[in-house]
Structures are given as structure tokens and as C-alpha cells.
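Have a look at the structure below before the remarks.
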Amino acid sequence: MIEWLLSPETYNMVLSGAFVYVALIIIGGMVMPAPYGRFASDSFGFNFSPKWGWFLMELPATLSFVFFYFQGEHRLETVPMIFLGVWLLHYGNRGFVFPLLMRVAKGATGSFSLMVVGAGWLVTSLHGYLNAVWISQLSTQLTDAWLTDPRFIIGMIIYLTGFTLNVHSDAIIRNLRSKEEVERGDKVYRIPQGGLFRFVTNPSYLTELMSFTGFAIATWSLGAVFVLLVSAANLIPRAFQIHKWYKEKFGDEYPQNRKVLIPFII
């Protein structure tokens, strides 16, 4: 079974199906926002708390990647191990640290749809499988010579820049609510200030897309392109919806020159 999953034929079949799924997400994102966070809905059944919902949704990215990575023939080679470290850094933050540090108002109702978690499991499981099998089994270029390849160097610079700015942007959002307000159960909203928020409404989305772009270049992998496209299909429509929400909620108080996603452009 493992040999079958690691074979180029199976990998290409799964990859093709993954890109079909991207197309479905693009269509869905045009119709309605994903039902979590401020766009949560009771129409899709049970809702998890934001912390549990986010943790459960992201968990397969780590489990799937680690499992398939250690099945590969090249798992102990230098470049694959560097990408293993990058993966664990990224999803250690996104899947464990980020939900743990969320400031959710005490007594708040669940806002993370079971449907979102289920769809997330499919994406994150595919994401882990496609990248792990490519990195530790199928890729032929990820030798020591890859460390001096411009694609690796440029990709890693983009990735690390995006990751650092993403962590900073998340911290700004988190600190909009004080711990005292959280304990009192106060669900307050404020206009984020500082960092990339000086330029765009959604710097966390911008920097997440930067990170995945860098990773795709550094690994030179269609599996990484898959998660970049999935993320873009989900985050770009949501970015416009959040920008609209802020402008409607705060009116003239909201910075009029602040763009949606890309500074000075979009």
C-alpha cells in the first residue's frame, strides 16, 4: 500500500484530483464566505470553538507530512531535512501556537463550522501527502547542489520574510483584545494599526500567500503550488469580504487609503 502511494503514477493521479478540487473551491468562494470566524453560521450544523476548530483543521498537515516524509528514500538527506524543518516550523506555528494564543471571549459560542473542519482535513491531508512524497521520494533535484540553486535561495528568502511578517501580523490582531476583556467575555472589535496594517486590511493573508509562494519556488513542486492555489482561492475572496466588513462597521473611521490585500495595488 505504501509503495503504491509513493509511486509516481499514484502521486500524479492524486495531484490531478487536487487541482480539480482547487477549481471547486474557487467556485465556492465566489458564492459565499467560508463559515468560520466573523462569517460563522449555524446552517452547517455543529460549530467548534475557534481554538479547537483551527487546531483540528490544521492537524492533518503535520501528521500527513511527517508520516509520508519518513517513508521516502531521501528522508535523511540534507535538503529534504531542511524542508522537513521548514514544514514543522510553519505548522508548529499555524496549527499549534496560533490557536493556543487566540484570544476568544469567554462564553463565546462556537464559530468554526464542522463543514470547514472536514473540508480542511481533505486539503491539509492532501497538502501533507503531496509535499512529503515529492520532497523525500520523487524529486530528483533536491540534492546538496540545490542549496546554491537560485530557486532555493530566492524561495527561502520569500518564505522566511512571509513567515516572519505573518507572525507579526497575527500578534497585532491578537492584541486588539486585552486578556481582561477576554475574561469578561467582551467581544470587542477595533481597527488594527501598525506593521503591514498601515497598507492593507489583510496582512495575515498576504504573508501566508507569500510564504506558500516562497515554499513552492524553493521546492519547485506542483504539490506546493496546489496549496498556494487553495489558499489563494479561499483567502482572496475572504480578504475582500473582511475589508467590506471593516468599512461597514467603522465607516469613516476606517483608513480610506488602506488596500485589501496588496499594498498600493489591490
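Before moving on, here are some points about what is shown:
- Filter pass, V200 being at pLDDT 90 or above, touching a strand residue (DSSP E or B) at 6+ places or on another chain (Cβ under 9 Å) and open to solvent by less than 10 Å² (accessible area, probe 1.4 Å): yes
- Residue in the stretch 227-240 that is free of Cβ contacts under 8 Å to residues at least 24 places away in the same chain and more than 15 Å from the chain's Cα centre (by Cα) present: yes
- Selection from the stretch 214-239 of residues that are open to solvent by 50 Å² or more (accessible area, probe 1.4 Å) and either part of a helix (DSSP H, G or I) or on the phi < 0 side of the Ramachandran plot (or both): L222, L229, N234, I236
- Qualifying residue in the stretch 121-130 (condition: more than 17 Å from A61 (Cβ to Cβ), modelled with pLDDT under 95 and open to solvent by 60 Å² or more (accessible area, probe 1.4 Å)): no
Residue-wise test of (1) surrounded by fewer than 21 Cβ atoms within 10 Å (Cβ to Cβ); (2) assigned to a helix (DSSP H, G or I).
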site	(1), (2)
P60	no, yes
F65	no, yes
E73	yes, no
L76	yes, no
L88	yes, yes
Y91	no, yes
F96	yes, yes
A105	yes, no
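- Some residue of the stretch 172-195 being open to solvent by 40 Å² or more (accessible area, probe 1.4 Å), assigned to a helix (DSSP H, G or I) and not charged (D, E, K, R): yes
- The numbered conditions (1) part of a helix (DSSP H, G or I); (2) under 23 Å from the mean Cα position of the chain (by Cα) are all true for A145 except (2).
- Tabulated pairs, the stretch 184-210, first on the phi > 0 side of the Ramachandran plot, second surrounded by fewer than 19 Cβ atoms within 10 Å (Cβ to Cβ), C-beta under 8 angstrom, 6+ apart or interchain: G185/A105; G185/K106; G185/G107; G185/A108; G194/I172; G195/H168; G195/I172
- Test for V117: is it in contact with a strand residue (DSSP E or B) (Cβ under 9 Å, 6 or more places away or on another chain) and within 28 Å of V14 (Cα to Cα): yes
The values are calculated or read from the model by the stated rules, or taken from the named source; none is laboratory data. This structure is a prediction, so every number in the text was calculated from the model and none was measured. Don't worry about glycine lacking a Cβ; one is built from the backbone with ideal geometry, like all the others, and counts go over all protein chains shown. Surface accessibility is based on the protein's heavy atoms, side chains included, excluding ligands, DNA and RNA. Shrake-Rupley method; radii C 1.70, N 1.55, O 1.52, S 1.80 Å.
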